[in-house]
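Notes to accompany the following structure.
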Amino acid sequence: MIAAAPAARLAVAHAAVWLIWGSTYLGVRVLVQTVPPFFGMGSRFLVAGIIVLLFLRARGVAYPESAEWRAALIGGVMMVAAGNGAVAYTEQTVPSNLVALTVALMPAWMILFDWFLNGVIPRRTTLIGLVLGFAGVAVLIGPPGVLGAAEISLVGAATVTAGSMSWALGSILTRRAARPRSVMMGTAAQMISGGAALLLVSSFAGELPAVTTSLLTPTVVLVWLYLVLAGSIVAY
């Protein structure tokens with residue numbers, strides 16, 4: 001029974017990643033057809049981070065210290081802002097299934113960055129898996145890909161790949177960084193930092209004048225709430 005508890009938590013965590021986080025790609029696709037991408041993602045993560053932070057503070061959890069906020073800022077910018085910002089920007093023109101497929105290579109980038117930066121040499125089976133993973137994505141996306149290569153542009157592929165690489169690198173760089181004792185508080189700080197960075201990008205990109213109450217259709221509100229509550233607070 002003792003060993004079953006961690007296994008059950010692991011199964012729930014995997015389910016959250018596969019089902020909830022995986023479904024956010026479709027949610028983002030729907031949202032960015034109406035809402036500017038950087039504003040949509042920035043508001044999503046900023047609100048989610050504030051909700052989690054206030055919840056934890058009500059339970060007596062301490063605020064992150066300055067060094068922990070700096071680490072959260074690095075992770076927030078590289079993972080939340082660059083990673084999700086690239087996804088949202090690309091999904092304006094690229095189908096969500098292709099974007100999700102490209103992002104699926106992120107663990108491979110993490111292994112490569114860990115190898116080059118920290119000297120962590122992957123096992124032979126891991127290298128074989130990397131080759132097969134890259135080859136599989138190339139077959140599915142490229143001709144005669146079953147998902148239709150004509151649907152994804154070179155710019156779109158480069159953008160979402162760069163975002164995926166930024167997420168992977170951010171994960172590596174913050175692995176040993178200062179973190180709050182509460183993992184959830186660290187996550188909240190990361191979402192707040194990344195959300196604020198995305199809203200700053202949104203402002204520089206000239207998105208804010210397009211953000212009006214006319215965007216608040218029932219579909220947009222429901223999708224945005226799903227991304228905040230399920231996609232960010234639960235899955236992330």
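Counting only heavy atoms of protein chains, what accessible area per residue, in Å², does the chain have with a probe of 1.4 Å?
54 Å²
Using only side-chain charges placed at the Cβ, +1 for Lys and Arg and -1 for Asp and Glu, the dipole size of the range 1-101 relative to its Cα centre rounds to 180 debye.
Within the shell of other residues whose beta carbon sits under 12 angstrom from the beta carbon of Ile51, the net charge comes to +2, with Lys and Arg scored +1 and Asp and Glu -1. Backbone geometry of the range 104-109 corresponds, through the Karplus equation with coefficients 6.51, -1.76 and 1.60 at θ = phi - 60°, to 3J(HN,Hα) couplings of 4, 7, 4, x, 5, 5 Hz, x marking Gly and Pro. With viscosity set to 0.692 mPa s at 37 °C, what whole-number translational diffusion coefficient in µm²/s follows for the range 1-61 from Stokes-Einstein and a Kirkwood radius over Cα pairs? It diffuses with D of about 231 µm²/s by this estimate.
Each distinct pair of alpha carbons in the range 148-236 adds a 1/r term; the inverse of their mean, the Kirkwood radius, is 16.1 Å. Charging the Cβ of each Asp and Glu at -1 and of each Lys and Arg at +1, and nothing else, the dipole of the chain about its Cα centre rounds to 680 debye. Only Cα pairs under 8 Å and 6+ residues apart enter the sum, and on that basis the relative contact order of the chain stands at 44 percent. With the charge dipole of the chain set up from +1 on Lys and Arg Cβ and -1 on Asp and Glu Cβ about the Cα centre, the Cα lying farthest toward the positive end among the listed residues Leu154, Gly186, Phe113 is that of Gly186.
In what sequence, highest mean first, do 59-72, 160-173 appear when ranked by Cβ atoms within 10 angstrom?
Those peptides, ordered most packed to least, come out 160-173, 59-72.
Remark: spin-label model distance Asn118-Tyr63 equals 3.1 nm, labels positioned 7 Å along the Cα→Cβ axis. Provide the net charge surrounding Gly231, with neighbours chosen by a C-beta distance below 15 Å and charges set as Lys +1, Arg +1, Asp -1, Glu -1. Taking every other residue near Gly231 into account, the sum is +1. Here the 3J(HN,Hα) profile of the range 195-207, calculated from phi with Karplus coefficients 6.51, -1.76 and 1.60 at θ = phi - 60°, is x, 5, 4, 5, 5, 5, 4, 4, 5, 5, 7, x, 7 Hz, Gly and Pro shown as x.
In the set (1) 30, 23, 17; (2) 27, 26, 18; (3) 36, 22, 17, which value of semi-axes √(5λ) of the Cα gyration tensor in Å was calculated from the structure you see? Of the labelled values, this structure produces (2). Each residue of the range 226-235 was assigned a 3J(HN,Hα) from its phi angle through the Karplus expression (A = 6.51, B = -1.76, C = 1.60, θ = phi - 60°), giving 4, 5, 6, 7, 7, x, 9, 5, 7, 6 Hz with x at Gly and Pro. Between the residues Ile74, Ala7, Phe39, the greatest Cα displacement towards the positive end of the dipole of the chain, with unit charges on the Cβ of Lys, Arg, Asp and Glu, is found for Ala7.
The values are calculated or read from the model by the stated rules, or taken from the named source; none is laboratory data. Quantities reported herein were computed from a predicted structural model and do not represent experimental measurements. As a convention, Cβ positions derive from the backbone with ideal geometry for all residues, glycine included, and neighbour counts pool all protein chains shown. When the accessible area is computed, the model is the full protein with side chains, heavy atoms only, and any ligands, DNA or RNA have been set aside. Shrake-Rupley method; radii C 1.70, N 1.55, O 1.52, S 1.80 Å.
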